[in-house]
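Participant: Below is one structure. I have some questions about it.
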Amino acid sequence: MATKIDKEACREAYNLVRDDNTEISWASFKYDGSMIVPGGQGKDYEEFMSQCTDDVRLFGFIRITTGDAMSKRAKFTLITWIGENVSGLQRAKISTDKSLVKDVVQNFAKEFVISDRRELEEDYIKNELKKAGGANYDAQAE
């Protein structure tokens, strides 16, 4: 059965993360049978990480504040999480299903495909976004 996405509900979650007037910093999109639906949202990255278990596959849209002493700015990332115990068929399907998510989640600085919890750590994600972000005045102080 072909995967579908609840575009309106997912777009609503996506817009909450992008909105500077909310404290929401992440939204997840999970599978409910063959439908991709919002899986949760919150302001604490640890809450997002807790959803990424070994037996699930999901997508996360995350707001991370980067910058240096000169300027702070919000950067967005799309994370595809594939747990270690996810079957080969589901692993293969997630790459085509991601295009459905990208119809909703369109603006992000960097994309990650992760199945190792160490790469899911917030510091790792921040450092990768910093590398992709251009000017880094903190590097002059090192």
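The values are calculated or read from the model by the stated rules, or taken from the named source; none is laboratory data. What you see is a predicted model; the values in this text were computed from it and never measured. Every residue, glycine among them, receives a Cβ derived from its backbone with ideal geometry; neighbour counts consider all protein chains shown. The accessibility values were calculated without ligands, DNA or RNA, using every heavy atom of the protein model including side chains. Shrake-Rupley method; radii C 1.70, N 1.55, O 1.52, S 1.80 Å.
Participant: Could you rank Ser25, Ser115 by how accessible they are, 1.4 Å probe, largest area first?
Facilitator: Ser115, Ser25
Participant: Between the helical axis of 88-104 and the dominant principal axis of the chain, each derived from Cα atoms, what acute angle in degrees is found, rounded to the nearest 10?
Facilitator: Orientation of helix 88-104: about 60 degrees from the principal axis.
Participant: For Thr22, Thr65, Thr3, give the ranking by accessible area with the largest first, probe 1.4 Å.
Facilitator: Thr65, Thr22, Thr3
Participant: Please give me, ordered by residue number, the trypsin sites (Lys or Arg not before Pro) of the stretch 19-62 that lie in loop per DSSP and have at most 13 other Cβ atoms within 10 Å. Show your work: numbers first, answer last.
Facilitator: Numbers: sites: Lys30, Lys43, Arg57; in loops: Lys43.
Passing sites in the stretch 19-62 are Lys43.
Participant: For the chain, list log₁₀ I(q)/I(0) at each q in 0.12, 0.21 Å⁻¹, using the Debye formula over Cα point scatterers of equal strength and ignoring solvent, two decimals each.
Facilitator: -0.48, -1.33
Participant: Leaving ligands, DNA and RNA out of it, rank Met49, Met70, Met1 by accessible area with a 1.4 Å probe, largest first.
Facilitator: Result of the area sort, largest leading: Met1, Met70, Met49.
Participant: Right, something else. Which percent of the accessible area of the stretch 14-142 is formed by carbon and sulfur heavy atoms (probe 1.4 angstrom)?
Facilitator: C and S atoms contribute 44 percent here.
Participant: Of Gln51, Gln106, Gln41, which is the most mobile in a GNM of the chain whose springs link Cα atoms less than 10 angstrom apart?
Facilitator: With Cα springs under 10 Å in the chain, the top fluctuation among Gln51, Gln106, Gln41 is at Gln106.
Participant: Let me cross-check Asp19: its accessible surface, 1.4 Å probe, with only protein heavy atoms counted, in Å² to the nearest 10?
Facilitator: We get 60 Å² for Asp19.
Participant: Loop only by DSSP, 10 or fewer other Cβ within 10 Å of the Cβ. Give me the GluC sites (Glu not before Pro) in the stretch 34-101 that pass, ordered by residue number. Working shown, then result.
Facilitator: Values: sites: Glu46, Glu47, Glu84; in loops: Glu84.
Sparse-neighbourhood loop GluC sites (Glu not before Pro): Glu84.
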